[in-house]
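Following: one structure in structure tokens, then a few remarks.
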Amino acid sequence: MPLCVWCNRAISQTVTLTQLLSWGQFPVQEVCEACQERLTRITGSCCPQCGRQQRAATICHDCERWHDGVVNRALFQYDAGFKAYMQQYKFQGDYALRVVVQAALAQALQRTTYDVLVPVPVDAATRQDRGFNQVTGWLTGQPFFQVLEVVADHKERPQSAKTRAERLVTPQPFSLAPNACKLLHQRRVLLLDDVYTTGRTIRHAIDQINLSGAKAVTSLTLAR
Amino acid sequence: MDNDEQFFGRWVPSSRPPLEPLANREAIEQSRGSAQCTRCGHRLTVADQLPNGALYCRQCLQLGRLTTHHKLYTIPEPNQFPMMTESPLTWSGQLKPQQVVAATAIRELVATKRNQLLWAVTGAGKTEILYPALAWALQQGWRVAWASPRVDVCLELAPRLARAFAGVPQAVLHGKQEHSYTYRQLTICTTHQLLRFQAAFDWLIVDEVDAFPLTTSPMLQRAVKQAQKPSGSHIFLTATPGPHLQKLVAQRKIAVTYVPLRYHGYLLPQMKVHLCWQWRQRLLKGQLPGQLVRQLREYQRTGQRFLLFVPHIADLPPIAAALDQAGVVGGVTVHAADAERAEKVQAMRDGRCQFLVTTTILERGVTFPNVAVVILGGDDAVFSTAALVQIAGRAGRHAAHPRGEVTCYCQSQSRTIQQARAMINHLNRQGRQQGGQ
């Protein structure tokens, strides 16, 4: 019996009649239902700017403060469940957990129109330590261009350890790769990041992409 | 020198070599196409590979990730603890006669460095029985660890040991704590934390050896073996040893000390079994077995408080509804994921609550002064032999009410029920020889 990659308990898979009669391979379930329910999807109405789950379809109070036209969509709510997921996947470095959200992301990317996918990069020291970029780990073969680079090779403190006020004054951490203008010129760019918290990081990335002469930039994050 | 202490008898992972040369080994050992984690023994597969080519171990990830880029460093345990001229025991309580017998036996076996088992019934006072032996071991300057598979047992034990051995510095280690490791003569930790140690302890006490996850995890069993010095010994504490331990006892590979009597000198209550046909199907219609309802009504009439154990969390709402329908009121349901679990258990302790309907989470570690125990569906697979004996042990724990009633309702006499009854009989036979009643 297959084991759930997250909780390590056995998955009891139900086989439907259609699957039986289709005579093909059964889809292999890697995450049990209980674990899938630990993450909450954002459904229904959300803030038209940052993609936060809310009842009204108007701009949320955080985005009012930014006062710009940034458009972000998110797949999951950033709640205790998603935090626990990120703790194990990103901070403890359990690369195998990437499959938990891969299906949801692949579906979302298929429904979005864009020309170039740009993942938000990780600085070299962190990548060396962690052994992977948590954002590109989620991709299942979709083509992407790593046109953003992290300027400072070491950061004094990770974003996740700062307060909101500290995060908002973070200086621009990204620069464009030399081939960026050629790749992005007059193209629609989709930025991909893990969590939208204050929106500071994603706006820094959007500013840099805009310098390259892209036609439009939107962003997609796993959680808001 | 202070910094060296963290290496004493431990494997400390690092991706960079330390300033001074230390004994070390690869964190992930690779040979002939296979790879194994040297900390937990997990065999790695290609699925455990990171994009940068390194392999990492998923099994002991909670203790900090080990990859092929890491090495483990250690300094052999130097045992720099002074011999004490006086016993470090500052406990002022008195052991009961049958406890003194066991305590003396254990204390003598420790000196011979034999591996041993303390098979003491639920409510025998296992912790106190070990005090004389532990005091002796500490007095010799031994490094000792008290490990338990359950973190709540560690948290409850630490203050008790701190009071009983006030002069001995102790370290408490578990996964939920913030502060870093300290080197101490007495270590209280979860069995997971033992994975970090290597030939560190002269005497290793493993509490609740039959509790999840120790029984089912080869990783933790390996941890127990490795943490103990080759010249050291261990003692397992349990009320319900599994088949493997019982075999070791029968083969005389492990010395055993029985405490078949509870601290108040009474025998364990035997479990009464009532068969009831298809209770689950009848529950779907909102009915409980008639005999059960009559018994619970009788408890209500006489003011006897009780615990009702059921197999699954999903059974709790229909059973609570059926009890309400039958006129048995004044209780609540408790399960593992219940946010108010601690408050509900406390309410039961204080007598503000007439009964609890619960799952196996309350099988061990909880004491209510005077309760009757009822099990519904005792033949379900979730109730192992050990669980049934532990559950039966919730009854009659108080000296003022030493005789409790334990009733089990089931569709058939499963092997687990028969074994549980046999185990209680076995202990009671020994208890009678010691004058129990």
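Taking the Cα centre of segment A:21-74 as the origin and placing charges on Cβ (Lys, Arg +1; Asp, Glu -1), which of A:S22, A:C50, A:A74 is farthest toward the positive end of the dipole?
The one lying farthest along the dipole's positive direction is A:C50.
How many lysine pairs are close in chain A, with Cα atoms under 21 Å apart and the two 8 or more places apart or on different chains?
4
Considering only DSSP states other than H, G, I, E and B, which trypsin sites (Lys or Arg not before Pro) in segment A:36-136 qualify as loop sites with at most 13 other Cβ atoms within 10 Å?
Of the trypsin sites (Lys or Arg not before Pro), the ones in loops of segment A:36-136 whose Cβ has at most 13 other Cβ atoms within 10 Å are A:R55.
Provide the net charge surrounding B:Q99, with neighbours chosen by a C-beta distance below 13 Å and charges set as Lys +1, Arg +1, Asp -1, Glu -1.
Neighbour charge sum, excluding B:Q99 itself: +3.
Rank these for me by crowding, A:D68, A:D79, B:D379, going from fewest to most other beta carbons within 10 Å.
A:D68, A:D79, B:D379
Could you tell me whether segment B:97-259 comes out rounded, prolate or oblate from its Cα gyration tensor? Rule is a ≥ b ≥ c as square roots of the eigenvalues, rounded for a/c under 1.5, then prolate if a/b exceeds b/c, otherwise oblate.
rounded
With unit charges on the beta carbon (Lys/Arg positive, Asp/Glu negative), name the residue among B:F8, B:P230, B:V374 whose Cα is farthest towards the positive pole of the charge dipole of the protein assembly as shown.
Looking along the dipole axis, the top candidate is B:V374.
Using the Karplus equation 6.51 cos²θ - 1.76 cosθ + 1.60 (θ = phi - 60°), what ³J(HN,Hα) coupling, rounded to whole Hz, does each residue of segment B:242-253 give in order, writing x for Gly and Pro?
x, x, 5, 5, 4, 5, 4, 5, 5, 7, 6, 8
Taking the number of other C-beta atoms within 10 Å as the exposure measure, put B:I188, B:I424 in order starting with the fewest.
B:I424, B:I188
Which of the aspartates and glutamates could be linked to B:K126 by a straight reach, that is with a Cα gap under 12 Å, when you skip same-chain ones fewer than 8 residues away?
Here the aspartates and glutamates satisfying the reach criterion relative to B:K126 are B:D207, B:E208.
Amide H of B:W146 versus every other amide H placed in the peptide plane: which residues, excluding those fewer than 5 positions away on the same chain, fall under 5 Å?
B:T187, B:I188, B:C189, B:I205
Please find, in a Gaussian network model of chain A (springs between Cα atoms separated by less than 10 Å), the residue of A:V100, A:V169, A:V116 whose mean-square fluctuation is greatest.
Judging by the Gaussian network model, the answer is A:V169.
Average partner chain C-beta neighbours within 10 Å, per residue of A:95-104?
Mean shielding by partner chains, rounded to a whole number: 2.
Check B:Q170: other-chain or 5+ apart residues with amide H under 5 Å from its amide H, H built from backbone geometry?
Those qualifying (amide H under 5 Å, at least 5 residues apart or on another chain) number zero.
Quick check: net charge around A:P2, other residues with Cβ under 12 Å of its Cβ, Lys/Arg +1 and Asp/Glu -1?
Computed value for this residue: 0.
For a test of the definition: using alpha carbon positions, the gyration tensor, and the 1.5 limit on a/c, classify segment A:81-141 as rounded, prolate or oblate.
Oblate.
Could you work out how far the C-alpha centroid of segment A:22-64 sits from that of segment B:371-426, in angstrom?
Segment A:22-64 and segment B:371-426 have Cα centres separated by 46 Å.
Give me the net charge for the shell around B:A314: Cβ to Cβ below 14 angstrom, other residues only, Lys and Arg +1, Asp and Glu -1.
Neighbourhood net charge equals -2.
Quick one: putting +1 on the C-beta of Lys and Arg, -1 on the C-beta of Asp and Glu, what dipole do you get for segment B:271-433 around its Cα centre, in Debye to the nearest 20?
Computed charge dipole of segment B:271-433: roughly 540 debye.
Do any trypsin sites (Lys or Arg not before Pro) in segment B:226-298 lie in a DSSP loop with no more than 16 other beta carbon atoms within 10 Å, and if so, which?
The qualifying sites are B:R252, B:K253, B:K285.
Using the Cα centre as the reference, give the magnitude of the dipole from point charges on the C-beta atoms of the protein assembly as shown (Lys, Arg: +1; Asp, Glu: -1; all else neutral), rounded to the nearest 20 debye.
Dipole size: approximately 1220 debye.
Please give the charge dipole size of chain B, origin at the Cα centre, charges +1 on K and R Cβ atoms and -1 on D and E Cβ atoms. Round to the nearest 20 debye.
That gives a dipole near 1080 debye.
Once the mean 1/r over all distinct Cα pairs of segment A:155-220 is inverted, what Kirkwood radius in angstroms do you read off?
So the Kirkwood estimate lands at 12.9 Å.
With Kirkwood's inverse mean 1/r over C-alpha pairs for Rh, give me the Rg to Rh ratio of segment B:2-74, two decimals please.
0.99
Please say if segment A:19-169 is rounded, prolate or oblate, where rounded means a/c under 1.5 for a ≥ b ≥ c the square roots of the C-alpha gyration tensor eigenvalues, and otherwise the choice is prolate for a/b larger than b/c and oblate otherwise?
oblate
How many percent of all Cα-Cα pairs in chain B sit more than 43 Å apart?
21
Project the alpha carbons of segment B:164-307 onto their principal axes and report the range along each, largest first, in whole Å.
Sorted largest first, the three principal extents are 58, 43, 34 Å.
Loop only by DSSP, 11 or fewer other Cβ within 10 Å of the Cβ. Give me the GluC sites (Glu not before Pro) in segment A:1-50 that pass, ordered by residue number.
Taking segment A:1-50 and a limit of 11 other Cβ atoms within 10 Å, the loop GluC sites (Glu not before Pro) found are A:E37.
Would you mind estimating how fast the protein assembly as shown diffuses translationally, via Stokes-Einstein at 10 °C and 1.306 mPa s with the Kirkwood radius over Cα pairs, in µm²/s?
Once the numbers are plugged in, D ends up at 55 µm²/s.
What percentage of all Cα-Cα pairs in segment B:245-403 are separated by more than 22 Å?
45
Short version: ³J(HN,Hα) in whole Hz for each residue of segment B:217-224, in order, from phi by Karplus 6.51 cos²θ - 1.76 cosθ + 1.60 (θ = phi - 60°), x for Gly and Pro, what are they?
10, x, 4, 6, 5, 5, 4, 4
From the phi angles alone, apply the Karplus equation (6.51, -1.76, 1.60; θ = phi - 60°) to segment A:7-19 and give each ³J(HN,Hα) in whole Hz, x where the residue is Gly or Pro.
Coupling constants for segment A:7-19: 9, 6, 8, 5, 9, 9, 8, 8, 9, 8, 5, 4, 5 Hz.
We did not get these values from a lab; they are worked out from the coordinates using the rules stated. All figures in this text were calculated on a predicted structure; none of them were measured in a lab. Cβ sites come from the backbone with ideal geometry, for glycine too, and all protein chains shown count toward neighbours.
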